[in-house]
Amino acid sequence: MTLPDKPPLLATVFSDYICPFCYVGDARLQRLRADYDLKINWCFLEIHPETPAAGMPIAELGYPAQQWRRMMDTLDVLAAEEGLDFQSHDFTTRSHQALLLAEAAREAGTAVFYRLHRRLFEAFFCEGRNIGDVTELRTLARESGLADATVTRAWEDPRYEQRLAEYRAAARELGVQATPTIFFGKQQRLDGVQPLPAFREAAAAGFREQRALQD
């Protein structure tokens, strides 16, 4: 006896590799694969384009101290829920080159893309590596099985810059103010990382919406 195929679930995700809440959101999305054939449209959104690729202290992002502590306390709880081991580090970086690389990697196939996708998160948050540095990115790309020619194309072909511009335009049109912002279907929207029950309910509601449109 063969098990029925998992039902398809479509999601659109605005995300950045230097956003710790996006790493948690990605882990929660992966949970859904147990119940759905999850298809994700990744919309890479650079959240701090003013940051130098060489990196800078997190303190220079300008968050008020109390707000930052609340954010980090929340992050600790969310990371523990998903079994993510964040390394403490006091720097951030510019994600632009990493986003271009991920966009190009989508054309190399799902397996290669997701290897790179996860390595970018792991390298920055768990290993303290600077994913704004192109040398580090080339190393991560090779570790993920991405061809050197694809890496070069990611940073030279204007198509990928255009796609990032299209994601920025879509984010403005949709009023996206936080990363991650996740859409299941067209109506079910999550701004930031939500409690797991709310996350699962939004996914289920998005699936019901999809099914209603198909009937």
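Values computed for the structure shown
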{"item": "Per-region count, region 36-68, residues within 12 Å of Gly132 (Cβ to Cβ) and among the polar types (S, T, N, Q)", "result": "1"}
{"item": "Search result, residues across region 75-96 that are surrounded by 15 or more Cβ atoms within 10 Å (Cβ to Cβ) and of a type in the set (Ser, Thr, Tyr)", "result": "Thr92, Thr93, Ser95"}
{"item": "All positions within region 197-212 that are in contact with a strand residue (DSSP E or B) (Cβ under 6 Å, 6 or more places away or on another chain) and either among the hydrophobic types (A, V, I, L, M, F, W, C) or at positive phi (or both)", "result": "Ala202, Ala203, Ala205, Phe207"}
{"item": "Filtered residues of region 111-137 (kept if more than 18 Å from Ala53 (Cα to Cα), of a type in the set (A, V, I, L, M) and surrounded by 16 or more Cβ atoms within 10 Å (Cβ to Cβ))", "result": "Val112, Leu116"}
{"item": "Set Ala11, Ala27, Ala53, Ala34: member being surrounded by 15 or more Cβ atoms within 10 Å (Cβ to Cβ) and without any contact (Cβ under 8 Å) to a residue 60 or more places away in the chain", "result": "Ala27"}
{"item": "Pair list, Cβ < 8 Å and 6+ apart or interchain, from region 139-152 residues that are within 18 Å of Phe124 (Cα to Cα) to residues that are assigned to a helix (DSSP H, G or I) and among the small types (Gly, Ala, Ser)", "result": "Leu140/Ala123; Ala141/Ala105; Ser144/Ala105"}
{"item": "Close pairs from region 75-104: first more than 15 Å from Ile58 (Cα to Cα), partner small (Gly, Ala, Ser) and outside any helix (DSSP H, G or I), Cβ under 9 Å, at least 6 apart", "result": "His96/Ala53; His96/Gly132; Gln97/Ala53; Gln97/Gly132; Ala98/Gly132"}
{"item": "Looking only at region 153-177, and only at residues there that are assigned to a loop (DSSP other than H, G, I, E, B) and touching a residue at least 40 places away in the same chain (Cβ under 8 Å), the one that is surrounded by the fewest Cβ atoms within 10 Å (Cβ to Cβ)", "result": "Asp157"}
{"item": "Gly145 vs. criteria under 27 Å from Met56 (Cβ atoms), of a type in the set (Gly, Ala, Ser) and outside any helix (DSSP H, G or I)", "result": "no"}
{"item": "Failed condition for Leu99, given (1) surrounded by fewer than 19 Cβ atoms within 10 Å (Cβ to Cβ); (2) closer than 23 Å to Pro49 by Cα; (3) of a type outside the set (S, T, N, Q)", "result": "(1)"}
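Every number here is computed from the coordinates shown, using simple stated rules; none is lab data. This one's a predicted model, so the numbers in the text were calculated from it and none came from an experiment. Note that we place each Cβ from the backbone using ideal geometry, even for glycine, and neighbour counts take in every protein chain shown.
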